[in-house]
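To start, the structure itself, in structure tokens.
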Amino acid sequence: SETTYPELYQRFANLVSSFPSSEGLSNTKLYRHDHGWYCRLVPMVGAMVADACFAARPSDIIVATLPKSGTTWIKSLLYATVHRRQHPPPTTVGSAAVDHPFNTSGPHELVKFFEFQLYTKEKAISTNLDELPDPRLFSTHVPFVSLPRSVVATKPLGCKIVYVCRDPKDHLISQWNFANRFRARDGLEPLPVETAVELFCDGLTPFGPYWDHVLGYWHAHLMDPDKVLFFRYEEMQRDPAAHVRKLAEFVGLPFSSEEEDGGTVDAIVELCSFERMSRMDATKGGRTKLAEGLLPNSAYFRRGVVGDWANHLSAEMARRIDAITEAKFKAASVRA
Ligand code: A3P
């Protein structure tokens, strides 16, 4: 067509600006997409541009998550697994990962978001995606219904998707801390936890409602488990090695018996662990360029544990969230 990228971008920016907006668990207001989800203006525009422009290849792998659900971790595991031949993880515990890309680049630079990094206003001068070698690794926070049409409007799906979900209460507390960090930067009052819970229960979190997001990918997984992998953060914490093996099989690169004997799986788990990743130079000093500015890589690491919600939510708040989750997930028989 005759439409240039900047014209297309501007058209969607105008459209999103006309959508209803409200306060959310964020440092800026959230817009409501036609498909019923919320997020800030720039990533919503990016998601719509990606829908119009992205041409999926069957070999592509997309990491899909809600923010603060283990995105950084699954990106690390996927990258380390897919590129283990060129970039072997160190197999001696504690030894330096000589020349591993993680030393110099954060996981979000190695596996980029459609809506924050690839389909930005300045995309015209960024990487030409057509020139990337297979398998291309991408990521997104966008709900399944609003993924690029070249991914979801085809049968079978246009590429593979790796989804990770997290306990809603831990996701909420992680998002609350993240939002308040940026509110402080912007000179805004921190949101009290009571407000955070209200906004969360109303679905007013980035890319929320939480439950719709999880259910969208859960149903996609049930429809086509070979194309949509469904992981849980808590299960990954319980048995990371089993998840790395499943991930490798899912992307068509299962571990050989030599690799199993050589400890490659444990080496990947160790390399991508919270303790190790949070101490990397690329984490401590590095920044990732996003559409709205540079983000310190350290912002993606806080505590990295299961159950931190108990330090912040009252029993009453937890019960309220659990009741919503039970009602929404029981009807859809999401495995508990
Ligand atoms: P907490 O705020 O609960 O500590 P995302 O990567 O989707 O933004 O999610 C960030 C959450 O994942 C944060 O949770 C962060 O600490 C945790 N995290 C980051 N890297 C991790 C890793 N390698 N292993 C486990 N958790 C990790």
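The values are calculated or read from the model by the stated rules, or taken from the named source; none is laboratory data. In this text, all values refer to a predicted model and were calculated from it rather than measured experimentally. Glycine gets a Cβ as well: all are built from the backbone with ideal geometry, and neighbour counts include every protein chain shown. To get the accessible areas, we keep the full protein, side chains included, count just its heavy atoms, and leave off ligands, DNA and RNA. Shrake-Rupley method; radii C 1.70, N 1.55, O 1.52, S 1.80 Å.
Here are the numbers for this structure:
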quantity	calculated
Odd one out for Glu275, checked against (1) more than 10 Å from the ligand (Cβ to nearest atom); (2) of a type outside the set (Ser, Thr, Tyr); (3) open to solvent by 60 Å² or more (accessible area, probe 1.4 Å)	(1)
Selection from region 312-336 of residues that are exposed (fewer than 13 other Cβ atoms within 10 Å of the Cβ) and touching a residue at least 40 places away in the same chain (Cβ under 8 Å)	Ala332
Whichever residue in region 226-257 is over 16 Å from Ser76 (Cβ atoms) and within 13 Å of the ligand (Cβ to nearest atom) and, among such residues, is most open to solvent (accessible area, probe 1.4 Å)	Arg238
Which listed residue is open to solvent by less than 10 Å² (accessible area, probe 1.4 Å) and either free of Cβ contacts under 8 Å to residues at least 40 places away in the same chain or not hydrophobic (A, V, I, L, M, F, W, C) (or both), from Thr140, Thr195	Thr140
Residue identified as open to solvent by less than 10 Å² (accessible area, probe 1.4 Å), touching a residue at least 12 places away in the same chain (Cβ under 8 Å) and not charged (D, E, K, R) among Trp37, Trp73	Trp37
Residues of region 280-300 that turn out to be within 11 Å of the ligand (Cβ to nearest atom) and surrounded by fewer than 18 Cβ atoms within 10 Å (Cβ to Cβ), as a count	3
Filter result for Glu194 (more than 23 Å from Tyr233 (Cβ to Cβ), outside any helix (DSSP H, G or I) and at pLDDT 95 or above)	no
Output for region 51-68, where each listed residue is under 17 Å from His213 (Cβ atoms) and away from the ligand (no atom under 16 Å from the Cβ)	Asp51
Residue list for region 304-331, restricted to those being in contact with a helix residue (DSSP H, G or I) (Cβ under 8 Å, 6 or more places away or on another chain) and of a type in the set (Lys, Arg)	Arg320, Lys328
Residue satisfying condition, being open to solvent by 50 Å² or more (accessible area, probe 1.4 Å) and in contact with a Gly (Cβ under 7 Å, 6 or more places away or on another chain), within set Thr104, Thr91, Thr28	Thr91
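Listed here are the residues, each with its yes/no results for (1) over 13 Å from the mean Cα position of the chain (by Cα); (2) under 21 Å from Asn297 (Cα atoms); (3) surrounded by 15 or more Cβ atoms within 10 Å (Cβ to Cβ).
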| site | (1), (2), (3) |
| --- | --- |
| Glu115 | no, yes, yes |
| Leu118 | yes, yes, yes |
| Glu122 | yes, no, no |
| Pro133 | yes, no, no |
| Phe144 | no, no, yes |
| Ser150 | yes, no, yes |
| Thr154 | yes, no, no |
| Tyr163 | no, no, yes |
| Glu189 | yes, no, no |
